[in-house]
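Following: one structure in structure tokens, then a few remarks.
Every number in this text was worked out from the coordinates using simple rules, so none of it is lab data. These numbers come from a predicted model, not from an experiment. Glycine gets a Cβ as well: all are built from the backbone with ideal geometry, and neighbour counts include every protein chain shown.
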């Protein structure tokens with residue numbers, strides 16, 4: 001069974017600080033997605049990374065897929081209170097065909113003004 | 001935003017009663033999913049569908065059944081609700097299994 005471990009579980013920082021959260025596995029994934037979930041709402045897809053070593057930027061958010069496609073990171077620059085939420089990663093197993101995505105348990109981020 | 005709705009949004013029911021949750025999409029996506037989300041467990045897949053009348057089990061399917069008679073609708077039924085099924089239930093859609101998912105707003109179910 002493929003697992004995705006997210007760290008840290010909880011993170012509380014001051015507005016303006018930088019942070020990195022991680023999504024790690026011992027298994028290879030063909031692609032990996034990041035979602036943000038705000039209280040009372042469903043997760044919202046932020047990005048999909050497909051190629052080992054790929055870096056994608058979304059405003060102040062930088063996503064990186066590990067060279068071996070076993071891990072990923074999300075870096076937020078100058079965090080704002082609006083970044084508060086649960087960040088989830090999800091991986092597509094190789095040759096996934098009809099195999100569902102694997103979700104991590106998430107990192108809960110709180111940005112204090 | 002993807003057109004995906006869930007009903008009801010909130011429900012309180014008693015142990016032993018049947019409950020049906022509905023997911024409706026306007027995107028014509030092939031795949032539809034039901035997840036539950038609980039503290040400490042994250043999102044867990046209950047059942048999913050890859051076409052009309054085509055469904056498969058997820059990791060926590062016991063006590064749940066699903067039906068998909070039309071592309072746009074995916075129903076989740078708890079035949080006899082138990083307190084352990086108190087949770088927030090999310091429906092999601094995607095065109096391909098490995099694609100990013102579009103999630104509905106969720107249904108908060110409380111079983112007393």
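Worth pointing out:
- Alpha-carbon centroids, the range B:19-82 and the range A:51-113: separation in whole Å: 25 Å
- A crude spin-label estimate for the pair residue B:50 and residue A:5, with each label 7 Å from Cα along the Cβ direction, gives 3.1 nm.
- For B:29, B:41, order by how many other beta-carbon atoms lie within 10 Å, fewest first: B:41, B:29
- Mean separation of Cα pairs under 8 Å and 6 or more residues apart, divided by the residue count, gives chain A a relative contact order of 36 percent.
- Equivalent ellipsoid, the range B:5-112 (semi-axes from 5 times Cα gyration tensor eigenvalues, Å): 22, 14, 13
- Kirkwood radius for the protein assembly as shown, taken over all pairs of different Cα atoms as the inverse mean of 1/r, rounds to 18.0 Å.
- Stokes-Einstein diffusion for the range B:31-71 at 10 °C, viscosity 1.306 mPa s, with a Kirkwood radius from C-alpha pairs, works out to 150 µm²/s.
- The tail of the calculated P(r) for the range A:11-113, taken as Cα-Cα distances beyond 20 Å, holds 36 percent of the pairs.
- Counting neighbouring beta carbons within 10 Å and listing from fewest to most, the residues A:112, A:76, B:93 come out as A:112, A:76, B:93.
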